[in-house]
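Trainee: I'd like to ask some things about the structure below.
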Amino acid sequence: MELEHSDSIQNQNTTNLMNYVFQSFTVVIDKGVAFVTFDYGETNILDITSVTELDKLAKMLEVDESIKVIVFQSANPDYFLSHADFKLLQNFRDQGVYDSDEMPLYSGLLEKFRIMPKATIAKIQGRARGGGAEFIMAMDMSFGAMNSALLSQMEIIIGILPGGGAAQYLARKVGRSRAMEICLGGGDFDALEAEKYGYINRAIPDDEIDSFVEDLAYRIATYPAKAIAYNKATVNLFEKDREQEFIISNQWFAELVKTTEFDDRVDKFFSQGGQTRKGELSNWKEWARKLK
């Protein structure tokens, strides 16, 4: 399939995407780069609206061949992208959504970005937790602001496991023992720690991260679309298919969300300010003593 279209088709595709109104983020396209800015409530929560919109965005980006690079960022200085809405997890459980042998919904969404023939970049300012940190790991590159970026897989504290594939991503990115520390510890990692572990590409001073990411994105966007796609596909050859891993992980996730321990922890979480900006500004490991 040809990866380059005429200018008229490029302009039409770009206009369609820019004119589409999303509730959880905005999209600005400039010189072949799509800047996607999360701006959704107090914490950029992953709920049915934001996940559905991200899936819609992925489908639109994939067919828009005028776009070569996608940068994800946040308008909220404290939150890049938060964890899943725990009430949504309970609703999905009660509806039998997790009782499936097919690719899980969120894992499938992340895989669309991982294998998409575009360069994807996460510019992390603020917290990225649970599904938000999993989203970052599906990107081709991720850069964290030294004084504000925090990442964590905090699911174990609420009594479950990462449902979007974090364990599989982490084992490949940081190695088995460090993946265990991240998944079993549940606490936040700042940008310098995350860089040291290989959780992200680099930790960058807060006043330099915007210019660094923009320079990189615009530079990549000057390259031929097919060259970008094939370079990405070549790197991905060593880990081409993860579907069976995600299906097995989802089966274990389904068991955990059905336990009384999960519901008890969710109740305590909400009663103490969970899923509010103020309630989640501290290190997520602090919830371990509150929810036991």
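The values are calculated or read from the model by the stated rules, or taken from the named source; none is laboratory data. Predicted model only: the values in this text are computed from it and were never measured. Reconstructed Cβ throughout: ideal geometry from the backbone, glycine too, with neighbour counts over all protein chains shown. Calculation scope for accessible area: heavy atoms of the full protein, side chains included, ligands and nucleic acids excluded. Shrake-Rupley method; radii C 1.70, N 1.55, O 1.52, S 1.80 Å.
Trainee: Starting from the range 100-119, take each residue that is under 16 Å from TYR230 (Cα atoms) and list its partners that are open to solvent by 40 Å² or more (accessible area, probe 1.4 Å) and assigned to a loop (DSSP other than H, G, I, E, B), counting only C-beta distances under 7 angstrom and pairs at least six apart or across chains.
Mentor: Listed by first residue and then by second, the contacts come to LYS118/LYS68; ALA119/LYS68; ALA119/ASP140.
Trainee: Pull up the range 169-181, narrow it to residues that are within 24 Å of ILE115 (Cβ to Cβ) and in contact with a Phe, Trp or Tyr (Cβ under 7 Å, 6 or more places away or on another chain), then point me to the one that is most open to solvent (accessible area, probe 1.4 Å).
Mentor: LYS173
Trainee: Which ones in the range 19-35 are within 11 Å of LEU57 (Cα to Cα) and over 19 Å from the mean Cα position of the chain (by Cα)?
Mentor: Hits for the range 19-35 are TYR20, VAL21.
Trainee: So if I check each of LYS285, LYS290, which one is assigned to a helix (DSSP H, G or I), within 22 Å of LEU151 (Cα to Cα) and open to solvent by 90 Å² or more (accessible area, probe 1.4 Å)? Let's see the steps before the verdict.
Mentor: Numbers: LYS290 fails: open to solvent by 90 Å² or more (accessible area, probe 1.4 Å).
It is LYS285.
Trainee: Another question, if that's okay. Filter the range 258-282 down to residues that are assigned to a loop (DSSP other than H, G, I, E, B) and closer than 19 Å to THR43 by Cβ and give me whichever is most open to solvent (accessible area, probe 1.4 Å).
Mentor: As a first pass, look at the range 258-282 and keep what is assigned to a loop (DSSP other than H, G, I, E, B): 258-259, 272-277, 281-282.
Checking the rest, the ones that are also closer than 19 Å to THR43 by Cβ come to 272-277, 281-282.
Details: GLN272: 82, GLY273: 22, GLY274: 5, GLN275: 42, THR276: 50, ARG277: 97, LEU281: 54, SER282: 50 Å².
Applying the filter and picking the extreme gives ARG277.
Trainee: Could you tell me which residue of the range 126-159 is nearest to TYR199 (Cα to Cα), considering only residues that are part of a loop (DSSP other than H, G, I, E, B) and touching a Phe, Trp or Tyr at 6+ places or on another chain (Cβ under 6 Å)? Steps first, please.
Mentor: We begin by selecting, within the range 126-159, every residue part of a loop (DSSP other than H, G, I, E, B); these are 126, 130, 138-140, 146-149, 153-154, 159.
Restricting the remaining residues to those that are touching a Phe, Trp or Tyr at 6+ places or on another chain (Cβ under 6 Å) gives 126, 138, 154, 159.
Values: GLY126: 15, ALA138: 11, MET154: 15, GLY159: 23 Å.
Among them, the one singled out is ALA138.
Trainee: Determine which member of the set TYR79, TYR98 is hydroxyl-bearing (Ser, Thr, Tyr) and open to solvent by less than 10 Å² (accessible area, probe 1.4 Å). Please lay out each step first, then the result.
Mentor: Values: TYR98 fails: open to solvent by less than 10 Å² (accessible area, probe 1.4 Å).
Result of the check over TYR79, TYR98: TYR79.
Trainee: Enumerate the pairs (first residue in the range 83-96 and basic (Lys, Arg); second residue anywhere and open to solvent by 30 Å² or more (accessible area, probe 1.4 Å)) with beta-carbon separation below 7 Å, excluding pairs fewer than 6 apart on the same chain, so at least 6 apart or on different chains.
Mentor: Filtered contacts from the range 83-96: ARG93/LYS258.
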